[in-house]
Amino acid sequence: PAVRALGPREIALGLHDHTQVRERHRGAGVQQRRFLRVTYGVIELANIRSWSFPLVVIGANSIAIYCLDKLAYRWIIDRLKTHLGSEIFTLWGRLDPAFAPLVQSLIVMAILWLILYWMYRRKIFLKI
């Protein structure tokens with residue numbers, strides 16, 4: 001394959017040559033395959049499916065979650081801050097501000113999931 005120059009992402013990650021880049025990508029692939037094997041084993045082989053229902057709801061309307069995430073994410077955050085205060089994502093000062101982005105993402109994801117669940121219960125599915 002053609003050799004390309006390291007981009008800003010690779011340099012920011014502290015990777016200095018293409019061997020390190022390949023090794024990093026190879027490690028990510030191993031983790032993904034391991035996760036897939038474990039989830040396949042739990043869902044299909046052990047037949048334990050109850051925990052996967054939230055993923056079924058998301059998978060049934062994956063186009064809707066993608067569009068909602070791109071179109072409504074910022075709007076939801078602004079409405080939460082307007083109605084619940086700007087400290088909502090630090091749980092009104094109870095949480096270190098470093099965790100605010102994580103809490104923000106979890107809250108927005110929960111709201112989007114509730115919208116998808118509403119659609120799922122009414123058998124509303126977006127298709128192309």
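The values are calculated or read from the model by the stated rules, or taken from the named source; none is laboratory data. Because the structure is a prediction, the values reported are computed rather than measured. For accessibility, only protein heavy atoms count, side chains too; no ligands or nucleic acids. Shrake-Rupley method; radii C 1.70, N 1.55, O 1.52, S 1.80 Å.
Per-residue 3J(HN,Hα) values for the stretch 97-110, derived from phi via the Karplus relation 6.51 cos²θ - 1.76 cosθ + 1.60 with θ = phi - 60°, read x, 5, 8, 4, x, 5, 4, 4, 5, 5, 5, 5, 4, 5 Hz in sequence order (x marks Gly and Pro). With N counted as the residues of the stretch 24-65, its alpha-carbon radius of gyration over 2.2 N^0.38 Å works out to 1.42.
Histogrammed with a bin width of 10 Å, the alpha carbon distances of the stretch 67-112 distribute as 29, 56, 15, 0 percent, first bin at zero. Accessible surface comparison of ILE63, ILE77, ILE128, probe 1.4 Å, protein chains only, largest first: the order is ILE128, ILE63, ILE77.
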